[in-house]
Amino acid sequence: MILDIDQLEDHKSVIGSKTKNLKVLRDLGFKVPVFIALSISITEKLFLDEKYRNKIAGGIAEKLKSEKYAIRSSALIEDGENQSHAGQFKTIIDVKEGNIGDAIYKVIKQANARLDGKLDLFSLIVQEYIEPDTSGVTFTRNPDGNREMIIEYHHGIGDELVSGKITPQKEQFYWNEDVKTDLPIKDFKKIEESLGHPQDIEWCIKGDTFYFLQTRPITTISADQFEEIIFLEKQLKEKKYYLEKTEISEIAPRPTPI
């Protein structure tokens, strides 16, 4: 089943969180490369039936009408608040129209091995591929559990950044700091506030246009830790403060209800 963005709301049970989060970004009014979803109901047939796979590939090209495409995983077990499986499934970018079917096969083949054949847990996203001038990742909170936002970016494609092949430029600051940057800090904050949990956001810039490519929860931060972060944000906003290590901080190192 090929699902347009307008159909996703009625088919949430057959698409992964990555797809749902892309829709959230679109609904918030952010620029997201056009995409369609391939539901779990057709994944196995796409893997086993080449003729069917090529038919679906043709339908995708007709719907999206892009020069190039990105084939991304959207497993039902992927990008949840407790476990992200980030980087475990294959993504193929810069795919020409004639190679859509082959790219879909390669993504599913790798997922089939990872999931021990449980392809009823695996859906896909086919997205317009944007050749970026700048690629970046924003952690709305430090994955180590601290309050600050971290932004990493470089000139070139995002795969080099998320794979660790290059050393990116890095910005790090607290939410209540007055930061001088051209990056959309308010939008990053809005995404976290809308999804109710710290986010790992992939984005790129092409010309003068800023695109959001995907967002996923930061799973190293628990709901309790996030509650503590929000508490501190409210208490420390616009206030001067100091930190002292005492016997109490050994017992209660973070804010607690008591």
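The values are calculated or read from the model by the stated rules, or taken from the named source; none is laboratory data. Quick caveat: nothing in here was measured; it's all calculated off a predicted structure. Note that each Cβ is placed from the backbone with ideal geometry, even for glycine, and that neighbours are counted across all protein chains shown. With ligands, DNA and RNA removed, areas are computed over all heavy atoms of the protein, side chains included. Shrake-Rupley method; radii C 1.70, N 1.55, O 1.52, S 1.80 Å.
Observations, loosely collected:
- Positions within the range 204-214 being closer than 13 Å to Asn21 by Cβ and either exposed (fewer than 15 other Cβ atoms within 10 Å of the Cβ) or touching a Ser or Thr at 6+ places or on another chain (Cβ under 9 Å) (or both), in sequence order: Leu213
- Residues (open to solvent by 40 Å² or more (accessible area, probe 1.4 Å) and among the hydroxyl-bearing types (Ser, Thr, Tyr)) located in the range 1-23: Ser13
- Of all residues in the range 38-69, those being open to solvent by 30 Å² or more (accessible area, probe 1.4 Å) and either at pLDDT below 90 or among the charged types (D, E, K, R) (or both) number 11.
- Residue ID - modelled with the lowest pLDDT, chosen from residues in the range 75-97 that are part of a strand (DSSP E or B) and either open to solvent by less than 40 Å² (accessible area, probe 1.4 Å) or under 20 Å from Leu22 (Cα atoms) (or both): Ala75
- Count of the range 181-216 residues which are closer than 17 Å to Arg72 by Cβ and of a type outside the set (S, T, N, Q): 9
- Check on Ile221, in a helix (DSSP H, G or I), at pLDDT 80 or above and under 26 Å from Asp27 (Cα atoms): no
- Checked against the criterion of being open to solvent by less than 70 Å² (accessible area, probe 1.4 Å), touching a Gly at 6+ places or on another chain (Cβ under 9 Å) and at pLDDT 95 or above, the candidates Ile104, Ile100 yield just one match: Ile100.
- For the range 110-146, a tally of residues being assigned to a strand (DSSP E or B) and among the hydroxyl-bearing types (Ser, Thr, Tyr) returns 4.
- Checking each residue in the range 217-239 for being closer than 25 Å to Ile77 by Cα and either surrounded by 18 or more Cβ atoms within 10 Å (Cβ to Cβ) or touching a residue at least 40 places away in the same chain (Cβ under 8 Å) (or both) picks out Pro217, Ile218, Thr219, Thr220, Ile221, Ala223, Gln225, Phe226.
- Candidates Glu171, Glu177 - the one that is acidic (Asp, Glu), open to solvent by less than 50 Å² (accessible area, probe 1.4 Å) and either touching a His at 6+ places or on another chain (Cβ under 8 Å) or not in a helix (DSSP H, G or I) (or both): Glu171
- Residues (part of a helix (DSSP H, G or I), of a type in the set (D, E, K, R) and touching a Lys or Arg at 6+ places or on another chain (Cβ under 8 Å)) located in the range 1-44: Glu9, Lys12, Lys18, Lys20
- Restricting the range 129-146 to residues that are in contact with a helix residue (DSSP H, G or I) (Cβ under 8 Å, 6 or more places away or on another chain) and crowded, with 17+ Cβ neighbours inside 10 Å, the residue that is nearest to Pro33 (Cα to Cα) is Pro132.
- Scope the range 127-183; condition at pLDDT below 90, in contact with a Gly (Cβ under 9 Å, 6 or more places away or on another chain) and among the small types (Gly, Ala, Ser); matching residues: Gly158, Ser163
- Considering (1) more than 23 Å from the chain's Cα centre (by Cα); (2) among the basic types (Lys, Arg); (3) buried (at least 22 other Cβ atoms within 10 Å of the Cβ), the lone condition that Arg72 does not fulfil carries the number (1).
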